[in-house]
1. With r defined as the distance between the Cβ atoms of Asn248 and Leu38 and R0 fixed at 35 Å, what FRET efficiency is calculated, to the nearest 0.05?
2. Considering amide H positions built from the backbone, and no H for Pro or chain starts, which residues 5 or more places from Val303, or on another chain, come under 5 Å of its amide H?
3. Mind listing the phi-derived Karplus ³J(HN,Hα) values for the range 47-54, rounded to whole Hz, using 6.51, -1.76 and 1.60 with θ = phi - 60°, and x for any glycine or proline?
4. In nm, to one decimal, how far is the modelled label at Ala256 from the one at Phe218, with both set 7 Å along Cα→Cβ?
5. Extension gain Phe29-Ser117, at 0.36 nm per residue separation less the Cα-Cα distance, in nm?
6. Whole-Hz ³J(HN,Hα) for each residue in the range 272-286, computed from phi via Karplus 6.51 cos²θ - 1.76 cosθ + 1.60 with θ = phi - 60°, x for glycine and proline: what do you get?
7. Explain nothing, just compute: Karplus ³J(HN,Hα) = 6.51 cos²θ - 1.76 cosθ + 1.60, θ = phi - 60°, for every residue of the range 302-308 in order, whole Hz, x for Gly and Pro.
8. Quick one: order Glu129, Glu200 from most to least accessible surface, probe 1.4 Å.
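The values are calculated or read from the model by the stated rules, or taken from the named source; none is laboratory data. In this text the structure is predicted, and so the values were computed from the model without any measurement. Virtual Cβ from ideal backbone geometry, glycine too; neighbours counted across all protein chains shown. Just so you know, the surface numbers come from the protein's heavy atoms only, side chains and all, with ligands and any DNA or RNA stripped out. Shrake-Rupley method; radii C 1.70, N 1.55, O 1.52, S 1.80 Å.
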Amino acid sequence: LLRPSTPKDLSLAADQFFDGKNIIIPRSFAAEFSPVSLLKSNKLTLADYQKSPAWYNARLSLGSLRDSLNISRIAIGLRTTLIDKGDPKNDANLRKTFERLNRKRDLRSYYIGKQMSVYSGTISDSLYEALFNRFNAEFDNIALRSDSLKLLNEAFLTDSIRPVTDLYENDKQWNAERLDVAMALVFNSTDSLAENMRFEALRAWLTYATPVTEKGQFVLGLNGGFNVVNNQLNWSACVPARLYYGSNTLKGLLEAQFYLQQLSSESHFTFNLGCEYRLVNSVWLNFTVGFRNDIIAGGTDLVSNFKIMYGI
């Protein structure tokens, strides 16, 4: 399941680091980052973002996996968010507030211009600057006190997205409606040398999330593509669904997944129960346990998974 999320500068996920006795190198690792967010940093403005949110939401990802046969895989992916009702930068009320602040900025300029026109050319530069600062502060004190907009005005004056996001994002938005799309290329190698990598698969994802009451979220996904098996292309498709319930800090999850491959021996159904806990800030722990049923052979196995994630 490709979980919908708000773009971060950097997100990480890794398999378990401890096997009960020893610290181990994770068999799976993934990192995702937003190129625009890293490159533009605080230079990205709200106006720029609202012109093309899908572009500014684009994220690049890199993941690795080593299976039981010691075959290493590397994946390179690209995804973006087409719908994000939890994104404060697209919030209609925020846009209206910024329009009001724009009008106040214009009014401030008019007010100060009128006041300073009386002294223009008649006083020293230092006194002129002192009066200008006084009138500017006088206007701000009146305007901001009346509307309780001091913090938002400070964010607005920086003309940057980051303080706006920090001010508006909160835990209540974790289950907002979202739609993500993604595509990835996968390469494999029978050893640890990157020069021996060969193309293995091309996959695409579509994931939709919608709130279920104030404390829940339902996520439905669809992914499919082609992979190389014995030098032949074979298709596969997967339909995962997940139900979350709780809060942004701690929530339980119920998950079901149907996987079908052209090579029927690989088809299976998976059902999991689990929970997700925010340890500190952007560090998350994810644990699931359930069963996997082989659709063709009919065998059932107990499966469990533990992940440490950052920035999801």
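1. Taking R0 as 35 Å, the efficiency between Asn248 and Leu38 is 0.90.
2. Gly290, Phe291, Arg292
3. Working through the residues one at a time gives 5, 4, 4, 5, 6, 8, x, 4 Hz.
4. It is 1.2 nm.
5. Fully extending the segment from Phe29 to Ser117 adds 25.3 nm.
6. 9, 10, x, 8, 9, 10, 8, 6, 8, 6, 9, 9, 10, 10, 10
7. Computed from phi, the couplings for the range 302-308 are 7, 10, 8, 8, 10, 10, 10 Hz.
8. Descending accessible area places them as Glu129, Glu200.
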